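S.K.: Pasting a structure below so you can have a look.
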């Protein structure tokens with residue numbers, strides 16, 4: 001299984017950014033956890049604070065990946081462009097959030113990503129990425 005794990009704005013600051021909300025696990029720690037959880041899978045990681053770079057990565061994934069795990073950060077709640085990119089490539093994707101976005105500010109309750117994702121995992125911290133890997137693996141293993 002080839003999976004792009006794409007992280008959006010401010011996730012490069014994990015470990016130091018609002019640790020009461022996001023914990024002390026760094027993005028490098030998340031990547032290490034994912035590799036340890038799925039050593040036989042081909043995991044590619046990208047973090048960008050730029051929406052266009054994220055869209056380019058999603059487009060490139062169409063021919064290079066079997067699925068996408070996306071933590072779009074704040075773009076989850078604002079980016080129709082990311083929604084359209086995911087819809088265009090037609091790859092199975094899983095939306096991930098470290099915090100429970102539905103227990104936070106009202107503006108975080110709406111996701112432009114959810115309608116084009118297999119599902120959403122929120123509130124389990126870094127463990128959510130591992131759940132997303134398992135969900136994609138199970139989805140891709142289903143007979144077509």
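Every number here is computed from the coordinates shown, using simple stated rules; none is lab data. Just so you know, these numbers come straight off a predicted model, no measurement behind them. Don't worry about glycine lacking a Cβ; one is built from the backbone with ideal geometry, like all the others, and counts go over all protein chains shown.
S.K.: Can I get the semi-axes of the stretch 71-144's equivalent ellipsoid? Compute them from the C-alpha gyration tensor as square roots of 5 times the eigenvalues, in angstrom, largest first.
M.R.: 21, 17, 8
S.K.: If a paramagnetic tag sat 7 Å from the Cα of residue 21 along the Cα-Cβ line, which residues of the stretch 80-95 would have the backbone N under 12 Å from that point?
M.R.: Those under the cut-off are none; the list is empty.
S.K.: Under the rule of -39500 (n - 2.57) per DSSP H run of 4 or more residues, summed and divided by the residues of the chain, what mean residue ellipticity at 222 nm is obtained, to the nearest 500 deg cm²/dmol?
M.R.: Rounded to the nearest 500, it is -11500 deg cm²/dmol.
S.K.: The stretch 1-47 to the stretch 50-109: how many Å between their Cα centroids?
M.R.: Between the Cα centres of the stretch 1-47 and the stretch 50-109 lies a distance of 14 Å.
S.K.: Tell me, rounded to the nearest percent, the portion of alpha carbon pairs in the chain spaced more than 20 Å apart.
M.R.: The proportion of pairs with Cα distances above 20 Å equals 41 percent.
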